[in-house]
Amino acid sequence: MPPQSLFILHIEANSYYCRIAAFVVYFHCTDMKSFTLRLLAIVFFSLIPFLGNAVAHAAVSSKPKPQLSHNELLVVVNKGWDSLQGTLYAFKKQHHHWVLQFSNPIVLGSKGLGLGDGVVQLRLPGAPVKHEGDKKSPAGIFTIGTAFGYADKKDAAWIKNRYVQAFDTLICVDDPQSVNYNKLVDKDTARHDYNSFEHMHLKDDAYKWGLFLNHNSDKVVPGDGSCVFIHIWENDHTGTTGCTAMTEDNMLRLLRFINAKDRPIMVQLPIQSYLQIRKTYGLPELTDYK
């Protein structure tokens, strides 16, 4: 079989139009050089659509997809960035699906929510940003940190998470200039380079039981906000200084649910922002949210 025929048969298997053109070239070319040049031009232009699709496919495939490899999920949503009241939903992953375990009302910071520093840097145009002392709870995706409370460790052995007793000298440093900024420390032994802090053993029951929310904790940025907890509320209409709070009964149920082995995570956002990112991060629908 002549070389020309071999090339023509190969093209015929890939493109109807190229097949016709190739035969036309074959019958109208008077020498091998002319035939080869025209045939190469035909091959090039006929492959452009295929090359474009291949490049586009490679670009999509190479884009990393977000992965949240956690088996326990808390979702906290409210009606808007300035709203202090919301709802918490607790989910557990079963057979690769999020299954609702319970839900309850919560209150947030008295000034609502501000975009915080979590495990994912969300891009939400127009969203306020969380700063130290702004009385906003952090919005975003966060891991759950240390549990704490007034009880000693033996009376909190049922908690399936690291637990710290909130004794009289335990404090959380909120001075951005301190090396211990956004950390729980014993004020009797820690380096005293701070001018402000928060007592963890209060005269009321706010911190009787709680959880540390890991906002601005991996790479601590001075001034981005500190000492953010999940704890017991004062009531259902009084906001916090930047935490997420609920009744004592609901706090105890949450502590019984949280298991460090399941790598619990919390997503806290206004409902519209949650709906924007839900499918991207494989988050559950909130079918009963009002």
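The values are calculated or read from the model by the stated rules, or taken from the named source; none is laboratory data. Predicted model only: the values in this text are computed from it and were never measured. Methodologically, a virtual Cβ is constructed for each residue, glycine included, from the backbone with ideal geometry; neighbour enumeration extends over all protein chains shown.
Couple of notes before you dig in:
- The residue that is modelled with the highest pLDDT, among those in the range 114-158 that are part of a loop (DSSP other than H, G, I, E, B), surrounded by fewer than 14 Cβ atoms within 10 Å (Cβ to Cβ) and charged (D, E, K, R), is Asp152.
- In the range 81-108, the residues that are under 20 Å from the mean Cα position of the chain (by Cα), over 27 Å from Lys261 (Cβ atoms) and in a strand (DSSP E or B): Gly86
- Selection status of Pro138, under 22 Å from the mean Cα position of the chain (by Cα) and in contact (Cβ under 8 Å) with a residue 24 or more places away in the chain: yes
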